[in-house]
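Undergrad: The structure's right below; bear with me while I get my questions together.
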There are 2 protein chains.
Amino acid sequence: MLIVQKYGGTSVGSVERIKEVAKRIAKSKKEGNDIVVVVSAMSGETNKLVELASKFSQTPKRREMDLLLSSGERVTSALLAIALTDMGFETVAMTGRQAGIVTNGMHTKARIEYIDKKPIEKELKKGNMVVVAGFQGITEVGEVSTLGRGGSDLSAVAIAGSLNADLCEIYTDVDGIYTTDPRIEPKAKKLKEISYDEMLELASLGAKVLQTRSVELAKKLNVKLVTRSSFNDNEGTYILREEDIMEKPLVSGIAIDKNQARVTLRGVSDKPGIAAEIFRKLAEDGVNVDMIIQNVGLEGETNLGFTVPKDELDTTKQSMEDINASQSLEFDQEVVKVSVVGVGMKSHSGVACTAFDTLADEGINIEMISTSEIKVSMVISEKYGELAVRALHDAYKLDN
Amino acid sequence: MLIVQKYGGTSVGSVERIKEVAKRIAKSKKEGNDIVVVVSAMSGETNKLVELASKFSQTPKRREMDLLLSSGERVTSALLAIALTDMGFETVAMTGRQAGIVTNGMHTKARIEYIDKKPIEKELKKGNMVVVAGFQGITEVGEVSTLGRGGSDLSAVAIAGSLNADLCEIYTDVDGIYTTDPRIEPKAKKLKEISYDEMLELASLGAKVLQTRSVELAKKLNVKLVTRSSFNDNEGTYILREEDIMEKPLVSGIAIDKNQARVTLRGVSDKPGIAAEIFRKLAEDGVNVDMIIQNVGLEGETNLGFTVPKDELDTTKQSMEDINASQSLEFDQEVVKVSVVGVGMKSHSGVACTAFDTLADEGINIEMISTSEIKVSMVISEKYGELAVRALHDAYKLDN
């Protein structure tokens with residue numbers, strides 16, 4: 001098998017950890033696999049560099065930040081290659097540039113344009129292993145750029161896609177994706193498999209494990225992912241195409257997003273174009289609107305509700321005052337969004353109904369509802385958030 | 001003026017030091033100069049990386065060491081560019097690759113093959129300053145390589161040469177080149193000017209300030225150098241072509257080299273080719289022979305003496321036993337080499353004589369003598385080394 005392994009910051013956070021990781025890689029190599037490794041900076045290093053830069057400027061140039069930040073992954077890749085070579089496994093370290101990762105010029109949050117797979121393939125053909133510095137690439141004109149949050153995952157997925165790898169293993173310090181946050185519901189179970197789309201909807205469960213953009217890219221390139229811990233030998237969670245999942249449970253997980261605030265505009269003129277005006281303004285001002293609901297109102301007026309991230313609420317207030325499109329504005333920060341996610345919903349009715357019944361039984365009022373083919377999201381009062389998660393986890397029997 | 005400034009590790013060893021350096025650069029820029037800066041890694045960083053690598057291998061691959069070590073200078077260059085930009089001076093950081101520094105493939109001790117000056121010139125034309133990561137370059141095929149000890153000086157001199165800069169300022173933590181080591185002779189004076197050739201002969205005085213290879217390159221490219229301290233505003237020492245030196249003192253300085261051992265071969269057959277055989281063998285075994293003297297002996301035999309670095313004495317013993325070219329071998333580690341250096345010697349006779357007289361007056365026996373156009377070197381007993389330096393410093397009136 002050709003396997004791309006990605007190790008995050010905590011997995012390579014010390015000399016001892018790098019040695020452990022080297023042993024894990026060596027084991028897989030001895031089992032006959034061809035291996036490409038993608039590494040993050042040692043944990044803490046990137047923050048240290050960001051802090052150093054902040055001593056010189058509150059608005060450091062993004063181009064220079066990229067030169068600065070890309071050094072952390074270079075160090076890890078060189079050290080790991082040195083360790084593996086010393087263990088008798090010929091290994092070549094590569095920077096993002098040397099690994100053929102070509103990005104656009106958006107410094108500190110670049111996108112991968114394409115990957116020239118020849119340099120890595122050349123080393124693999126010689127029987128060598130390759131350790132690539134994640135998080136970074138180079139533009140067509142030679143500028144170093146980093147890929148932003150979750151960038152090393154993105155490097156790994158993109159490389160796996162370009163090489164047509166059999167598997168992309170994402171190693172972190174958690175075991176995989178759970179049916180819900182185990183800190184809220186101790187009975188939460190680790191999932192064996194999950195579809196790309198479910199994973200995207202469960203972002204709040206997996207955000208620390210895997211960023212949305214990496215899952216999207218994996219889906220696009222059809223890269224089979226598994227997220228596992230580098231601290232034990234437990235099996236992880238596979239993230240696959242829906243059609244490759246053996247057993248399709250009705251519901252895969254319950255997500256909770258505590259970073260939402262609800263905005264209600266009352267007395268909006270019910271005329272064509274008014275909603276477009278509101279959301280165009282918010283988009284221009286950089287606000288990420290999530291759920292949107294509109295109720296029919298009385299006498300040519302309507303009520304419009306939507307949610308935004310809590311830290312974008314001030315911007316939202318200003319934006320709404322600027323366009324003055326409603327008679328009154330209401331904001332509620334004390335809400336959470338609870339979501340029930342599962343591909344099984346597509347073929348089974350009644351899933352949403354169970355969710356509403358469950359919350360009603362607990363006496364929890366649902367303030368907003370939004371549904372997709374594989375998800376039911378409900379905005380409720382913040383104080384009932386954890387209760388709702390546990391009740392729903394129970395209702396869908398996710399603990400067995 | 002177009003000035004290339006190079007700052008060593010202690011000069012950029014902390015946030016505060018980098019800020020001081022930024023102020024110094026800004027001052028020169030405000031005076032109307034175009035400036036290219038070359039920086040080393042923050043002091044201690046390179047050693048830290050070397051030590052990290054040693055945790056994984058006692059024989060780390062040189063290619064990966066270069067990836068590892070080149071990261072330190074990247075960090076400094078980015079930080080300094082961020083600082084200068086924040087002060088209102090548009091500044092671009094460049095890696096060795098981006099600055100067009102092309103090296104051969106000798107990892108960890110590469111040579112600069114050539115410099116493509118276009119990238120730096122392009123930025124200078126826009127009025128920007130450029131901060132280049134020293135110590136590193138890239139091969140024609142994209143491999144990162146470092147330049148070995150004194151590599152950042154070499155980067156600076158090579159860039160100054162390629163840009164035809166008016167001056168290359170080497171900033172360290174010492175004020176310049178002194179007539180002798182001030183720890184031995186407190187009356188030592190800082191030199192205003194010195195020729196490239198004298199500087200090369202005075203290597204032992206300037207080694208910590210400037211490596212031989214950088215002086216050689218400066219001479220070859222006719223780069224006007226000045227070494228100064230970044231910790232004060234004292235004038236430094238200019239290193240120039242001999243013809244550009246205003247006042248040519250008879251003697252510029254007294255150097256002492258404590259790292260020499262004397263080897264004497266007695267009873268060497270006095271036949272053609274025997275000396276060649278001895279020194280070919282030593283060269284093959286990697287021994288750096290310095291002074292060589294041969295005395296005419298008696299009855300077809302001769303005595304041969306030479307000096308080698310102390311830490312190469314064991315190799316030398318083995319080499320001499322291998323070829324068995326003499327009747328007896330003598331080794332003396334308790335010697336030093338004291339040298340009187342000055343371009344004025346070329347046109348004035350009697351300089352060597354003064355040296356011999358001075359040592360004789362002090363009762364110091366001279367064991368070996370070697371002279372060049374601008375230098376008289378004498379090997380004497382180690383215990384008289386410092387006395388000899390002070391006496392010679394006095395004899396040539398170097399304290400005024």
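Undergrad: Among A:ASN128, A:GLY148, A:VAL4, whose Cα lies farthest out toward the positive end of the dipole of region A:2-173, if unit charges sit on the beta carbon of Lys, Arg (+1) and Asp, Glu (-1)?
TA: It is A:GLY148.
Undergrad: Now, a different point. With everything on Cα atoms, drop me the angle between helix A:151-163 and the longest principal axis of chain A, reported from 0 to 90° to the nearest 10.
TA: It is inclined by approximately 70 degrees.
Undergrad: Under unit Cβ charges (Lys, Arg +1; Asp, Glu -1), what dipole magnitude, rounded to 20 debye, does chain A have relative to its Cα centre?
TA: About 1520 debye.
Undergrad: Moving on to the next point. Would you mind pulling out the separation of the Cα centroids of region B:272-291 and region B:346-400, in Å?
TA: Taking the Cα centre of each part, region B:272-291 and region B:346-400 sit 28 Å apart.
Undergrad: Here is a follow-up. What net charge do the residues around A:PHE356 carry, taking every other residue with its C-beta under 13 Å from that of A:PHE356, with Lys and Arg at +1 and Asp and Glu at -1?
TA: -4
Undergrad: Please sort by residue number the trypsin sites (Lys or Arg not before Pro) in region A:234-329 whose DSSP state is loop and whose Cβ has at most 15 other Cβ atoms within 10 Å.
TA: Passing both the DSSP loop test and the Cβ count: A:ARG241, A:LYS258.
Undergrad: Just list whichever of B:LYS55/B:LYS337; A:LYS317/A:LYS346; A:LYS310/B:LYS23; B:LYS117/B:LYS224; B:LYS117/B:LYS258 have alpha carbons separated by over 30 Å in the model shown.
TA: B:LYS55/B:LYS337; A:LYS317/A:LYS346; A:LYS310/B:LYS23; B:LYS117/B:LYS258
Undergrad: Here is a follow-up. With r defined as the distance between the Cβ atoms of A:ALA360 and A:LYS122 and R0 fixed at 60 Å, what FRET efficiency is calculated, to the nearest 0.05?
TA: In this case the efficiency is close to 0.45.
Undergrad: Give the nm distances, rounded to one decimal, from A:ARG111 to the matching residue in every other copy, measuring between label points 7 Å along Cα toward the beta carbon; shortest first.
TA: Those separations, rounded to one decimal, come out as 4.7 nm.
Undergrad: How many percent of all Cα-Cα pairs in region B:2-173 sit more than 18 Å apart?
TA: So the pairs more than 18 Å apart make up 56 percent of the total in region B:2-173.
Undergrad: Label position 7 Å from Cα toward Cβ: report the copy-to-copy distances for B:GLY286 in nm, one decimal, ordered from shortest.
TA: Label point to label point, same position, other copies: 5.7 nm.
Undergrad: A further question on this structure: For A:ASP394, project a label point 7 Å along Cα to C-beta. Then give me every residue of region A:161-185 with its amide nitrogen under 20 Å of that point.
TA: Answer for region A:161-185: A:179-185.
Undergrad: Evaluate the relative contact order of chain A (contact order divided by residue number), counting alpha-carbon pairs under 8 angstrom at least 6 apart; express in whole percent.
TA: 13
Undergrad: Indicate, rounded to the nearest 5 percent, the antiparallel portion of the DSSP beta bridges found entirely in the protein assembly as shown.
TA: Looking only at bridges with both residues in the protein assembly as shown, the antiparallel portion is about 60 percent.
Undergrad: Considering the rotation that carries chain A onto chain B, locate the chain A residue whose Cβ comes closest to its axis and report the distance in whole Å.
TA: Axis relating chain A to chain B; nearest Cβ residue and distance: A:SER71, 2.
Undergrad: Can you grab the distance from the C-alpha centre of region B:85-118 to the C-alpha centre of region B:48-82, Å, no decimals?
TA: The distance from the Cα centre of region B:85-118 to that of region B:48-82 comes to 16 Å.
Undergrad: On to the next question. Antiparallel as a % of all DSSP beta bridges within region A:79-223, to the nearest 5?
TA: On the way: 7 of 12 bridges.
So the antiparallel bridges amount to about 60 percent of the total.
Undergrad: Let me ask you something else. Which of the peptides B:328-339, A:86-97 is most tightly packed, and how do the rest follow, judged by the mean count of other Cβ atoms within 10 Å per residue? Let's see the in-between values first.
TA: Values: B:328-339: 17.2, A:86-97: 21.5.
Final packing ranking: A:86-97, B:328-339.
Undergrad: How shielded is A:73-81 by partner chains, expressed as the average number of their Cβ atoms within 10 Å of its Cβ atoms?
TA: That average works out to 6.
Undergrad: Relative to the longest principal Cα axis of chain B, at what angle does helix B:385-395 sit, 0 to 90 degrees, rounded to 10?
TA: Approximately 80 degrees, to the nearest 10.
Undergrad: To the nearest 20 debye, what is the magnitude of the charge dipole of the protein assembly as shown about its Cα centre, counting +1 on the Cβ of each Lys and Arg and -1 on the Cβ of each Asp and Glu?
TA: The dipole magnitude comes to about 620 debye.
Undergrad: Taking every DSSP beta bridge that has both residues in chain A, what percent is antiparallel when rounded to the nearest 5?
TA: 60
Undergrad: Next question, about the same structure. Just want the answer: with Cβ charges of +1 for Lys and Arg and -1 for Asp and Glu, which residue in A:ASN164, A:VAL75, A:VAL39 is farthest toward the dipole's positive end in region A:2-173?
TA: Farthest towards the positive pole: A:VAL75.
Undergrad: So, in nm, how far is label B:LEU221 from label A:GLU31 when the simple model puts each one 7 Å beyond its Cα toward the Cβ?
TA: Once both label points are built, they end up 5.2 nm from each other.
Undergrad: Could you state, as a whole-number percent, how many of the C-alpha pairs of region A:230-326 are farther apart than 23 Å?
TA: Pairs farther apart than 23 Å: 47 percent.
Undergrad: Note down the magnitude of the dipole of region B:2-173 about its Cα centre, charges +1 on Lys and Arg C-beta and -1 on Asp and Glu C-beta and zero elsewhere, to the nearest 20 debye.
TA: Numbers: 23 positive and 21 negative charges, 26 e Å.
Roughly 120 debye for region B:2-173.
Undergrad: Moving on to the next point. Along the charge dipole of chain A, Cβ charges K/R +1 and D/E -1, which of A:ALA261, A:LEU84, A:THR95 sits furthest on the positive end?
TA: A:LEU84
Undergrad: Spin-label point model (7 Å from Cα, Cβ direction): what's the A:ARG149 to A:LEU387 distance in nm?
TA: So the two model labels end up 3.0 nm from each other.
Undergrad: Continuing with the same structure: Report, please, the projected area of chain A averaged over directions, based on the convex hull of its C-alpha atoms, in nm².
TA: 22.0
Undergrad: Moving on to the next point. Convert each backbone phi in region B:30-37 into a coupling constant with the Karplus relation 6.51 cos²θ - 1.76 cosθ + 1.60 (shift: θ = phi - 60°), then list the ³J(HN,Hα) values in order as whole Hz, x for Gly and Pro.
TA: Ordered by residue, 3J(HN,Hα) equals 5, 6, x, 8, 8, 10, 10, 10 Hz.
Undergrad: Could you tell me the relative contact order of region B:2-173? Use alpha-carbon pairs under 8 Å, at least six residues apart, and round to a whole percent. Don't skip to the end; give the middle numbers.
TA: Details: 366 pairs, mean separation 51.5, N = 172.
Result for region B:2-173 is 30 percent.
Undergrad: Got the B:GLU235 label distances to the other copies yet, label 7 Å along Cα→Cβ, in nm, shortest first?
TA: 8.0
Undergrad: Would you tell me the mean number of C-beta atoms belonging to other protein chains that fall within 10 Å of each C-beta in B:47-55, as a whole number?
TA: Mean number of neighbouring Cβ atoms from other chains: 3.
Undergrad: Quick check: the angle from helix A:274-284's long axis to the longest principal axis of chain A, C-alpha only, nearest 10 degrees?
TA: Roughly 30 degrees, rounded to the nearest 10.
Undergrad: So who's got an amide H within less than 5 Å of the one on B:MET94, skipping anything under 5 residues away but keeping other chains? H placed 1.01 Å off N, in plane.
TA: B:VAL131, B:VAL132, B:ALA133
Undergrad: Go through A:172-179, A:361-368, B:133-140 and give me the packing order, highest mean Cβ count within 10 Å leading. Each step should come with its number before you reach the end.
TA: Working: A:172-179: 21.4, A:361-368: 14.5, B:133-140: 25.4.
Top of the packing list down: B:133-140, A:172-179, A:361-368.
Undergrad: For A:83-95, what's the mean count of beta carbons from other chains sitting within 10 Å of each residue's beta carbon?
TA: Rounded to a whole number, the mean comes out at 4.
Coordinate-derived values only; no laboratory data. Treat the numbers as computed from the prediction; the structure is a model and nothing was measured. Please note: Cβ atoms are built from the backbone with ideal geometry, for glycine as well, and neighbour counts cover all protein chains shown.
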